[in-house]
Amino acid sequence: MSALQGECWVVTDTAAGNQRQALALAGRTGLRVRHVVWAPRAPWSWFAPRLLPGARRALAPSQRGQLAPPWPRMAIGCGRASALFTRLLRELSRQRTFTVQILDPRLDPSHWDLVIAPRHDAIAGDNVIATLGSLNPVDAEWLTDGRDASPALAELPAPRIGVLLGGARKGQTLSEAYLRTLAEHTLARQRKDGGSVLAVASRRTPAGAVTLWRDALREVPGMVWGGPQDGNNPYPGVLSWSDRLIVTPDSVNMLSEACAVGCPVHTYVDAPLPPKLERFHAALRDAGLLHDIDASPPLKQRPLRELDGVARQVLAAMHAHERRTEKDWH
């Protein structure tokens, strides 16, 4: 996508998943990207994304100077906290800044120019783009870069089973019994197919889970990455080198990225999922993208890659918005 003039401000909190989605989309716009990490202070944080009086003061004094003109051509936020600031940018720029909010802002979508939300969020509006999964940068080029960044993984015996470990979330826990059973299923697959197991933890994975997996895989070719103490995060390399992926059921982002690879993706569920997450799992299964832990789907799967299509829709909507606003201003 050729470079366009103007800036795109990416507004997020510190959550890695929110940053990943917003930066992935911004990177496809062709605009210069400026990433700001803003977290609203109380009392504005209590009501975000509602605009209370004095919303500029939601930012810490040391950051308020960042919220100043020239205003960006586009602003992309992800997560409820950032939605306050994308709303504020729309107001301060007198609607000249094209505002895009990723994930359900829990407010009428008309407060933004575009809202991008997964179907399982079940929100609707003329300015809503519904996706199956979360936005992510995983495509052929990203996978090539991932392999280049982790050449040592190529030396492990194939087929390689990648395991993505998440953590507890609201309405769901990953108990020791669950993790032990997941490891048993993974080992059974490895004994059947041969090869190696590449397990990588996330920020939410408890230390005890990492220890459990280290013990379970002690006699199996492969690796377990539990955090920075084990070196650089091999997550891109694990996705890129794996012939099969096993993902805990808790993370929409991890499941979406796994399904973007093009290999079989499996999960193991031992208890009812929260309703939104259950709808997401069902949609992936209906699309043939997600399989039970012991299933044997074809080794080549249709990858779930929505980013480029969404970026084209965003740019088309931005250009239409700019044509309308130019008429209004003249």
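Here are a few things to note about the model shown:
- Hey, E322 acidic (D, E), on the phi < 0 side of the Ramachandran plot and more than 17 Å from the chain's Cα centre (by Cα) or not: yes
- Residue that is surrounded by the most Cβ atoms within 10 Å (Cβ to Cβ) [pool: residues in the range 222-238 that are among the small types (G, A, S) and more than 24 Å from G194 (Cβ to Cβ)]: G226
To keep it simple, each residue is scored yes or no on (1) farther than 15 Å from D243 by Cα; (2) in a helix (DSSP H, G or I).
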| residue | (1), (2) |
| --- | --- |
| G125 | yes, no |
| I129 | yes, no |
| P137 | yes, no |
| G146 | no, yes |
| A177 | yes, yes |
| E184 | yes, yes |
| A188 | yes, yes |
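- Candidates A140, A117, A154, A124 - the one that is touching a residue at least 24 places away in the same chain (Cβ under 8 Å) and out of contact with any helix residue (DSSP H, G or I) (no Cβ under 6 Å at 6 or more places or on another chain): A154
- Restricting attention to the range 148-165, the residues being part of a loop (DSSP other than H, G, I, E, B) and either of a type in the set (D, E, K, R) or more than 24 Å from S296 (Cβ to Cβ) (or both) number 1.
- Look at the range 8-32: where a residue is surrounded by fewer than 18 Cβ atoms within 10 Å (Cβ to Cβ) and a partner is of a type in the set (S, T, Y) and outside any helix (DSSP H, G or I), sitting 6+ places away or on another chain with Cβ atoms under 7 Å, you get G30/S2.
- Taken over the range 33-69, the criterion of being touching a residue at least 40 places away in the same chain (Cβ under 8 Å), of a type outside the set (F, W, Y) and farther than 30 Å from W142 by Cβ is satisfied by P40, P49, R50, L51.
The numbers here are math on the coordinates, done by the rules we state, and not lab data. Given the structure is predicted, the values throughout are model-derived calculations rather than measurements. Don't worry about glycine lacking a Cβ; one is built from the backbone with ideal geometry, like all the others, and counts go over all protein chains shown.
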